[in-house]
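The values are calculated or read from the model by the stated rules, or taken from the named source; none is laboratory data. Not measured: the values here are computed from a predicted model. Keep in mind that these areas ignore ligands, DNA and RNA; they rest on the heavy atoms of the full protein, side chains included. Shrake-Rupley method; radii C 1.70, N 1.55, O 1.52, S 1.80 Å.
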Amino acid sequence: MKIKFLTIILLSSLLGFSQEKEFKNLEDLRQQQIENISNSDLWDMGRLEGDVISQNNNFPITFGAYPVPNYDELGPYKGGGLIGNAQARSLDDYKLMVKDKEVVFNSFFIGDSPFYEEKNKNRVFFTIITVADSLDSNNFVPSKSLFLSRNHPDYGGEGSITTKTSTIDFVTFTTPDKGSFAIVNMRLFHLEYGAIILIEPQKDGSLRSLQIEGKIVNNEEIYDFLKDTILKREDVVQFFTDDTE
């Protein structure tokens, strides 16, 4: 199943003109990244102007407009984005259930970047799943999310999902040399031990989390993978259906 209208893909406008950069190792890449950030001659002023206009402080971490080098000064940016069903859960085809409990998800993915060993186009590097027990006037789960490429070749994003008892805030990022990480309501997750994070708000206001591993999938596969595989796992069903006071 392809859920294209739920997907936000961000692509570099200079992709067609990118040139491959060669680095002997990732340490050289990091040094070049730092030098490029400090070199105002390389800054993408058009991108900066757009970021100033679009600054948004409604996320867990305020998005700030920093000058960044043209991406291709370091190497090609192959795109990335996010996908989720919180804004479409009212449609039967996009509703996810664990027995009689509805859940929603957000996933972040990156393109076929030459900086990463796993060459899987639009590879999902983080997924968060939580309950859908609070709806707005549009019958949507109150949520927001943002994918960010400004730290190229590190990519990440953030967002939040509102439930009856909690607001689930999350920040995530992936790097070619240090791994992938997520922070969910200040709990840190090393995503090499599982890129799918389940959060279950409790009636007493506390939270429970479960980190699970799954196969590497892309943005077009993630919905079916969650629906047909992950949400049918015994441990996942137990996690979401065993109520704790």
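Calculated from DSSP H runs of 4 or more alone, at -39500 (n - 2.57) each and per residue, what is the 222 nm mean residue ellipticity of the chain, nearest 500?
Result for the chain, helices only: -4500 deg cm²/dmol.
Provide the per-residue ³J(HN,Hα) series for the stretch 177-186, in order, calculated from phi with Karplus coefficients 6.51, -1.76, 1.60 and θ = phi - 60°, each as a whole number of Hz, with x at glycine and proline positions.
Result, rounded to whole Hz: 10, 10, x, 10, 9, 9, 10, 10, 6, 6.
When only Cα pairs under 8 Å and 6 or more residues apart are kept, what is the percent relative contact order across the stretch 18-156?
Dividing the mean separation by the residue count of the stretch 18-156 yields 20 percent.
Show the residues, 5+ positions off or on another chain, whose built amide H is closer than 5 Å to the amide H of T163.
It is I168, by chain and number.
So what's the Cα pair-distance distribution over the chain, bin width 10 Å, in %?
Percent of Cα pairs in each bin: 7, 30, 35, 19, 8, 1.
Just list whichever of K78/K178; K99/K215; K178/K203 have alpha carbons separated by over 30 Å in the model shown.
K178/K203
How much accessible surface area, in Å² rounded to 10, belongs to the heavy atoms of S38 with a 1.4 Å probe?
90
Heavy atoms only, 1.4 Å probe, whole protein assembly: order E192, E117 by accessible area, highest first.
E117, E192
Considering only protein heavy atoms, what per residue accessible area in square angstrom results for the chain with a 1.4 angstrom probe?
Per residue, the chain has 52 Å² of solvent-accessible surface.
Under a 5 Å amide H to amide H cut-off, with H placed in plane at 1.01 Å, what residues pair with F23 once short-range neighbours are removed?
It is none; the list stays empty.
Heavy atoms of the protein only, probe of 1.4 Å, neighbouring chains included. What is the accessible area of K178 in Å², nearest 10?
Only protein atoms counted, so the area is about 150 Å².
Please compute the volume of the convex hull spanned by the alpha-carbon atoms of the stretch 138-245 and report it per residue in Å³.
Convex hull of Cα atoms, per residue: 131 Å³.
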